[in-house]
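First the structure, in the form of structure tokens, and then the observations on it.
The values are calculated or read from the model by the stated rules, or taken from the named source; none is laboratory data. Computed from a prediction, not measured in an experiment: that's the story for all the values here. So basically every Cβ, Gly included, is an ideal-geometry build from the backbone, and we count neighbours across all protein chains shown. For the accessible areas, the whole protein counts, side chains as well, though only heavy atoms, and no ligand, DNA or RNA atoms are used. Shrake-Rupley method; radii C 1.70, N 1.55, O 1.52, S 1.80 Å.
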Amino acid sequence: MLHSRRRFVQNLATLAAGAAIAPKFSHAFDAKPSFEISLAEWSLHKTLFAKKMTNLEFPEVARKQYGIGVVEYVNQFFKDKAQDTAYLNDLLQRCKDNGIKNHLIMIDGEGGLGELDADKRNKAVEAHYKWVDAAKYLGCATIRVNAYGQGTREEVAKAAVEGLGKLGEYGAKTGINIIVENHGGWSSDGQWLSGVMKQVGKKNVGILPDLGNFCLRRTANGCAEEYDRYKGVQEFMPYAKGISAKTYDFDEQGNCVETDYNKMMPIIKKANFNGIIGIEYEGSKLSEEEGIKKTKQLLERMASAHGFELRGSGKV
């Protein structure tokens, strides 16, 4: 009996030791990095602003015209509808009819979460609450916000930490992520934005790396100072909750001219990214339809070339 008890205790110890070291080896069996392609509504902003299409029609267009089953909305195109349940129900029905999954809402025009003035910043935070609620209602995971403010690097960072932290607390109540896009100014500085994220320290507050938006300072002649986009994305990836595949122009081989995706994708893969990459075509040489299709083809090709599993509707 004593021998049996001793053997039992030894077996338990062996199992416990095995359980303790198992996580160290689990990565060897993890699925390879993967992504699903979504369509960012901004890719069709010219069509929308020209009233040739409405926000309600966006889900059907994404599915039937581009074969994409995940969408990213822009609040500008249903600005006064955040609390209109009849409108949101109509939108949800159209998503259901077309097999569409709602991923995020890009929020603009509701104030900067990095404003130095506490009253302005708090008003901006509270103005975003309705969009957190709308995102939850629509089944989105995320809202994309702006962390801009006027001040020094350190001043705006401190304000952004406070603003994002407060909005992050509200989002956490309903399970909604609050993510910042590199959208010009300090936010396009990889060290600055990743530093802000580190200070916020909330699981539901992160970054939407835009692969082509690293202009730090603009003049009348265009971008006067730009942050290294490859370095920036590398700094953003630990906090990434999605990626925006920005494109403007393509060469004859279908490669993006301004961003080397063959250089960018290994950075994303090294971070073991498993999420959604949104098409955001913003060029002028091709039509919006051609630009979206070219970007989709580019992402499909990059998935194959760099060993990503392509999930969902983007699968070829």
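Couple of notes before you dig in:
- Cβ-based charge dipole, region 26-129, positive-most Cα from LEU88, TYR129, GLY111: LEU88
- Cleavage-rule hits (trypsin sites (Lys or Arg not before Pro)) in region 222-316: DSSP loop, at most 16 neighbouring Cβ within 10 angstrom: LYS285, LYS315
- If only the Cβ of Lys and Arg carry +1 and only the Cβ of Asp and Glu carry -1, the dipole of region 174-316 around its Cα centre is close to 680 debye.
- The three principal axes of the Cα atoms in region 262-316 give end-to-end lengths of 33, 23, 18 Å, sorted in falling order.
- Of GLN150, GLN253, GLN297, the one that fluctuates the most in a GNM where the chain has Cα springs shorter than 10 Å: GLN253
- Annotation: the antiparallel percentage among DSSP beta bridges lying fully within the chain is about 15.
- Total charge dipole magnitude, region 58-153, about the Cα centre, Cβ charges on Lys, Arg, Asp, Glu only, Debye to nearest 20: 300 debye
- Selection of GluC sites (Glu not before Pro), region 235-307, meeting DSSP coil and at most 14 other Cβ within 10 Å: GLU252, GLU258
- Taking Cα centre as origin and charging only the Cβ of basic (Lys, Arg, +1) and acidic (Asp, Glu, -1) residues, the dipole magnitude of region 104-184 rounds to 220 debye.
- Beta bridges per DSSP with both ends in region 200-316, % antiparallel, nearest 5: 40 percent
- Among GLY291, GLY201, GLY232: highest mean-square fluctuation, GNM of the chain, C-alpha pairs under 10 Å: GLY201
- Three principal axis lengths of region 120-204 [C-alpha, angstrom, descending]: 37, 24, 20
- Degrees separating the helix 261-270 axis from the principal Cα axis of the chain, which is the longest one: 30 degrees
- Zero-based 5 Å bins, Cα pair distances in region 123-164, whole percents: 5, 21, 26, 19, 14, 9, 5, 2
- Per-residue SASA entry for LYS123, accessible area with 1.4 Å probe, Å² rounded to 10: 150 Å²
- Long-range Cα-Cα pairs in the chain (distance over 32 Å), rounded percent: 32 percent
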